[in-house]
Amino acid sequence: MTSTCPHAAGAVPLGGPRFQTDPGGLYRDLRREHGPIAPVVLPGDVPAWLVLGYRELHQVTSDPELFSRDSELWNQWDRIPDDWPLLPMVGRRQPSILYTVGERHRRRAGVIAEALESVDPFQLRSFAEQYADQLIDAFSGVGRTDIIAAYASLLPVRVLVKLYGFSDEEGPGLVTALNDMIDGGERALAGQQHLAVSVFGLLAARHAQPEQDVASWMIAGARGDFSDEELAQDMMVMMAAGHQPTADWIGNSLRLMLTDDRFAASLSGGRHSVGEAMNEVLWEDTPTQNVAGRWASRDAHLGGRHIRAGDLLLLGLAAANADPQIRVDGSALTGGNNAFFSFGHGEHRCPFPAQEVAEVIARTGIEVLLDRLPDLDLDVPASALTRRPSPWLRGLTDLPVRFTPTPAVGAAR
């Protein structure tokens with residue numbers, strides 16, 4: 001039976017320039033007009049619900065039976081073409097941990113956590129420092145650069161490529177593939193294919209010759225319970241979730257530190273404000289704005305809305321972080337408060353070891369940059385900075401900076 005759109009005419013397209021210019025204002029308008037659950041439409045006039053409320057998001061992510069990660073429940077599959085650009089993010093019949101539920105999901109999550117926990121934290125920081133220095137060497141003598149293109153968008157994947165077991169030469173192609181896949185544009189499916197071929201090749205190599213890397217540890221941890229296709233899908237998820245959000249975490253934190261006087265002390269070599277800036281970004285400017293998704297396993301009521309069985313719910317992480325019901329005084333919840341939804345919540349949240357890897361890469365990247373270029377400053381007015389027009393990930397298109405030219409450290413070794 002063909003499903004019909006459950007939304008009224010007031011459903012809002014999940015896209016457009018406001019995600020680039022004013023997503024916070026857009027979420028406030030949606031909340032004011034629709035309450036904590038807003039009807040939205042995805043490309044192709046595909047209906048979904050956007051969960052804006054903090055309490056409602058907590059409810060959805062805390063009840064995996066009612067609000068399932070099983071995408072096969074979706075009541076719109078008969079309207080989805082094979083080339084739909086959001087398929088890599090929504091998925092169907094992909095043996096990925098994202099769409100696995102119950103005990104098998106918990107077992108797979110354990111394999112991922114165990115593999116990432118095997119990463120030596122000192123080696124992780126060493127890799128991050130090494131690649132940070134190499135990237136900075138390429139522009140340190142020039143006196144100006146675009147920090148996004150030359151640094152933030154390259155550092156996380158360079159480190160992840162090394163940790164997972166890929167060769168350094170594969171890094172640039174994987175950066176392009178991951179960005180294409182995450183952006184959800186016309187190259188999304190090609191990006192997904194490139195990443196899949198690379199991961200399957202790595203797994204085949206590690207079956208033949210294990211090494212001290214994440215791919216080998218995942219094969220060992222699976223103990224034959226999971227196919228290579230399942231392991232490959234999980235590694236693809238880990239790379240996508242670990243690269244671009246971390247790159248945007250670096251970029252958004254540097255933007256904050258370069259434009260907000262509260263963090264100016266860090267630019268003269270201080271350390272105290274780096275962590276504060278990173279934490280504030282997770283509340284106020286989180287790299288992952290919205291996540292697809294959850295599917296209602298039966299009819300339900302949520303935030304005053306009737307949710308039909310099979311409806312898709314998108315997790316509005318950025319909107320929930322700014323919910324006035326939990327931000328009563330409108331202040332920034334920084335310092336030690338980490339009750340944000342930036343890493344998700346519930347059994348499908350980002351595993352803690354993965355969060356730690358991302359934080360080490362981001363913090364090391366920022367610290368090394370400020371050590372090497374202590375007088376780093378914006379090269380354009382703050383008002384000229386622009387964001388990618390994505391409803392999913394919030395990051396800068398570029399971050400032009402200037403600084404006193406310094407020698408490459410590699411040349412001195």
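What follows is calculated from the coordinates using simple rules that are stated; it is not laboratory data. In this text the structure is predicted, and so the values were computed from the model without any measurement. Cβ atoms come from the backbone with ideal geometry, glycine included; neighbour counts cover every protein chain shown.
The length gained on full extension between Glu169 and Val41, counted as 0.36 nm times the residue separation minus their Cα-Cα distance, comes to 42.1 nm. In this simple spin-label approximation, Asp63 and Arg262 carry label points 7 Å from Cα along the Cα→Cβ vector, and these lie 3.5 nm apart. Using a ≥ b ≥ c from the Cα gyration tensor of the range 134-233 (square roots of the eigenvalues), is it rounded, prolate or oblate, where a/c under 1.5 gives rounded and otherwise the larger of a/b and b/c decides, a/b for prolate? Cα axes put the range 134-233 in the oblate bin. Applying 1/(1 + (r/R0)^6) with r as the Cβ-Cβ distance of Asp299 and Asp375 and R0 = 41 angstrom yields a FRET efficiency of 0.10.
Over the chain, the hull volume per residue, using the convex hull of the C-alpha atoms, is 139 Å³. Counting only DSSP beta bridges whose two residues both lie in the chain, roughly 80 percent are antiparallel. Other residues within the sphere of radius under 11 Å centred on the Cβ of Arg298, judged by their own Cβ, net out at -2 (K and R +1, D and E -1). Note on Ala384/Ile80: beta-carbon distance plugged into 1/(1 + (r/R0)^6) with R0 of 45 Å gives a FRET efficiency of 0.70. If the segment from Asp22 to Glu186 were pulled out straight at 0.36 nm per residue, it would be longer than the present Cα-Cα gap by 56.6 nm. Rounded to the nearest Hz, the phi-derived 3J(HN,Hα) couplings of the range 363-375 under the Karplus curve 6.51 cos²θ - 1.76 cosθ + 1.60 (θ = phi - 60°) are 5, 4, x, 5, 5, 5, 4, 6, 5, 6, 10, x, 9, where x marks glycine and proline.
Can you classify the range 153-305 as rounded, prolate or oblate using the Cα gyration tensor, where a ≥ b ≥ c are the square roots of its eigenvalues, rounded means a/c under 1.5, and otherwise it's prolate if a/b beats b/c and oblate if not? Oblate shape, in that a/c is at least 1.5 and b/c is the bigger or equal ratio. Each of Glu211, Glu129, Glu230 was scored by other Cβ atoms within 10 Å of its Cβ. Arranged with the fewest first, they read Glu211, Glu129, Glu230. Entry note, the chain: the mean residue ellipticity at 222 nm calculated from DSSP H runs of n ≥ 4, each adding -39500 (n - 2.57), is -14500 deg cm²/dmol after division by the residues and rounding to the nearest 500. For the pair Arg402 and Ala208, label points projected 7 Å from Cα toward Cβ lie 5.3 nm apart. Peptide packing for 64-76, 217-229 was compared via the average number of neighbouring C-beta atoms within 10 Å per residue; ordered from the highest value, the list is 64-76, 217-229.
Of Ile148, Ile80, the sequence from fewest to most neighbouring Cβ atoms within 10 angstrom is Ile80, Ile148.
Between Ala309 and Gln193, 0.36 nm times their residue separation minus their Cα-Cα distance comes to what?
Numbers: separation 116, 0.36 × 116 = 41.76 nm, distance 3.17 nm.
Here the segment from Ala309 to Gln193 would lengthen by 38.6 nm.
Indicate the gyration tensor shape class of the range 178-222 (rounded, prolate or oblate), computed on the Cα atoms with a ≥ b ≥ c the square roots of the eigenvalues: a/c under 1.5 is rounded; otherwise a/b larger than b/c is prolate and the rest oblate. Cα axes put the range 178-222 in the prolate bin. Taking the Cα centre of each part, how many Å lie between the range 207-267 and the range 305-324? Computed from Cα coordinates, the inter-centre distance equals 26 Å. Measuring from centroid to centroid over Cα atoms, what is the spacing of the range 100-137 and the range 148-169 in Å? First find each Cα centre; the distance between them is then 13 Å.
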